[in-house]
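This report concerns only the one structure given below.
The values are calculated or read from the model by the stated rules, or taken from the named source; none is laboratory data. As the structure is a prediction and not an experimental result, all values here were calculated from the model. Neighbour counts are summed over all protein chains in view; Cβ atoms, including those assigned to glycine, are modelled from backbone coordinates with ideal geometry.
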């Protein structure tokens with residue numbers, strides 16, 4: 001009987017074939033984001049019928065280079081994080097500040113079938129949608145580390161077609177700051193708009209992939225937003241509903 005890639009044994013075998021070490025606690029590391037990791041994620045997708053639309057290596061690199069052309073050489077780079085980039089950027093960071101981004105809000109608007117979900121148990125991933133305000137953080141990357149760290153960042157955030165990289169202005173306690181961030185790409189086949197709340201809860205509660213559980217992502221985000229003094233009541237309510245759903249599953 002052929003095992004599907006959603007089977008943990010199959011996923012582990014694919015990782016071994018590429019020499020990739022999977023996270024044991026959902027924590028991403030800088031060393032993970034190699035070309036072998038990209039290849040592993042492609043292998044996982046192909047094993048479940050190739051349902052994830054990847055960017056080519058050339059397209060991903062061209063996007064990175066094009067965005068950074070607008071950056072002043074010799075200056076440090078700031079990156080706005082609103083999801084797991086808040087607590088797990090997986091690149092070398094010199095400083096972190098709380099920041100607000102006006103004109104966008106968090107939304108679970110991307111279907112998740114790889115990473116923290118599979119085709120058999122899909123979840124939902126966050127992106128930035130138009131409107132409102134988003135509380136998050138900005139991370140500072142040292143000028144001499146920008147090339148190496150943004151290569152990692154683009155492998156992390158721009159593996160598929162779900163996001164677009166942009167320049168934006170955020171507000172901090174020390175004044176406005178220009179930063180890069182990643183917003184939703186509505187042209188991506190992963191874009192689902194606003195899912196039904198009951199479906200959102202059920203899918204996140206059940207979804208799990210090679211880098212962890214979808215629910216753990218939500219719980220960690222709530223905890224870290226609170227730790228940074230910016231609790232999100234709507235997100236906390238979602239997390240509570242997910243926990244209740246999971247309790248009823250067991």
All but one of (1) modelled with pLDDT of 80 or more; (2) crowded, with 18+ Cβ neighbours inside 10 Å; (3) part of a loop (DSSP other than H, G, I, E, B) hold for residue 101; state the number of the condition that does not hold.
(3)
If we keep only residues of the stretch 158-191 that are within 15 Å of residue 61 (Cα to Cα) and surrounded by fewer than 20 Cβ atoms within 10 Å (Cβ to Cβ), then the residue farthest from the chain's Cα centre (by Cα) is 166
Residue within the stretch 121-128 that is more than 15 Å from residue 157 (Cα to Cα) and at pLDDT below 95 present:
yes
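Residue by residue, here is whether (1) more than 22 Å from residue 237 (Cβ to Cβ); (2) in contact (Cβ under 8 Å) with a residue 12 or more places away in the chain; (3) crowded, with 20+ Cβ neighbours inside 10 Å; (4) touching a helix residue (DSSP H, G or I) at 6+ places or on another chain (Cβ under 7 Å) holds:
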| residue | (1), (2), (3), (4) |
| --- | --- |
| 109 | no, yes, yes, no |
| 113 | yes, yes, yes, no |
| 118 | yes, yes, yes, no |
| 127 | no, yes, yes, no |
| 130 | yes, yes, no, no |
| 133 | no, yes, no, no |
Residue count, the stretch 142-157 (criterion: crowded, with 18+ Cβ neighbours inside 10 Å and more than 11 Å from the chain's Cα centre (by Cα)):
4
When you scan the stretch 216-237, how many residues do you find that are in contact (Cβ under 8 Å) with a residue 40 or more places away in the chain, surrounded by 12 or more Cβ atoms within 10 Å (Cβ to Cβ) and out of contact with any helix residue (DSSP H, G or I) (no Cβ under 6 Å at 6 or more places or on another chain)?
8
